[in-house]
1. Tally time: how many residues in segment 76-91 are in a strand (DSSP E or B) and more than 17 Å from the chain's Cα centre (by Cα)?
2. Please indicate, with yes or no, whether at least one residue in segment 6-28 is at negative phi, in a helix (DSSP H, G or I) and crowded, with 20+ Cβ neighbours inside 10 Å.
3. Scan (1) closer than 19 Å to residue 39 by Cβ; (2) in contact (Cβ under 8 Å) with a residue 24 or more places away in the chain; (3) crowded, with 17+ Cβ neighbours inside 10 Å for the single condition residue 244 breaks and write down its number.
4. Just wondering, is there one or more residues in segment 114-128 that are surrounded by fewer than 22 Cβ atoms within 10 Å (Cβ to Cβ), within 20 Å of the chain's Cα centre (by Cα), at pLDDT 95 or above and not in a helix (DSSP H, G or I)?
5. Would you point out which residue out of 60, 66, 73 is more than 18 Å from the chain's Cα centre (by Cα), in a strand (DSSP E or B) and either within 30 Å of residue 175 (Cα to Cα) or free of Cβ contacts under 8 Å to residues at least 24 places away in the same chain (or both)?
6. Scanning for something touching a residue at least 12 places away in the same chain (Cβ under 8 Å), closer than 18 Å to residue 57 by Cβ and over 19 Å from the mean Cα position of the chain (by Cα), does segment 100-111 turn up at least one residue?
7. Within segment 133-154, identify whether any single residue is in a loop (DSSP other than H, G, I, E, B), over 30 Å from residue 259 (Cα atoms) and touching a strand residue (DSSP E or B) at 6+ places or on another chain (Cβ under 6 Å), and answer yes or no.
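The values are calculated or read from the model by the stated rules, or taken from the named source; none is laboratory data. Computed from a prediction, not measured in an experiment: that's the story for all the values here. Counting neighbours? That spans all protein chains shown, and the Cβs are built from the backbone with ideal geometry, glycine included.
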């Protein structure tokens, strides 16, 4: 293993993999990671595409350690390891999956958003990236059986292509995630970019929505032109959905709430501001794997 060298002070790079116009995909842990879709998709891509780490984010510049404290490993009174918050970049090679892909898996930075973004985009330019995709997820008035994804894009032609795949357009005013900083800067630098947001049922908490992950993975692979096996996600979701339905069948209050959501969906009268207090904390019900 070689020592890391620095790209400015923002990135610590071990090596630069040889890649041809790689696709760039970013998944974040933090504010826009409802039901672990954003981070979970990055994790799944890294594992299933056999992606290798080649760089890491300098944590001292972009994270507040008092908000996201470093993790320690102490054994028999000896401090073995200190792991700060941060992120890494991974490379998946086209010879294995059909296309070169760079995957960023990171915690949303606490500080210096534009410096963080500029460092990532400079690396993308150096490596020949043409298209940037960020992944997010939000809680919404949707059912756990829905697969609703909304999108924003850098140009109208790209947005039309996404709409042809049944993605909704984003209409939103309010607090932002790091995604917005990425895409506003990416557009100025001439990248094609998009942000895909999965809509998660607000009444589920405490687990990963493997059904949405499978749907998102299929969309990414077909659009991006690479191979991704989602059978594991489909199988896990089938079992998880069975347990969710069992919980709902035993709870009249949940049945009524979901019935109201279903009726509102049919009438196209969803009120995005209306929420119910009833929440399924799945970690209280589901058996650990």
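1. 6
2. Within segment 6-28, not a single residue is at negative phi, in a helix (DSSP H, G or I) and crowded, with 20+ Cβ neighbours inside 10 Å.
3. (1)
4. no
5. From the options 60, 66, 73, the qualifying one is 73.
6. yes
7. yes
Quick grid of which residues meet (1) touching a residue at least 40 places away in the same chain (Cβ under 8 Å); (2) assigned to a loop (DSSP other than H, G, I, E, B); (3) under 21 Å from residue 29 (Cβ atoms):
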residue	(1), (2), (3)
157	no, no, no
160	no, no, no
171	no, yes, no
176	no, yes, yes
186	yes, no, yes
190	no, yes, no
193	yes, no, yes
197	yes, no, yes
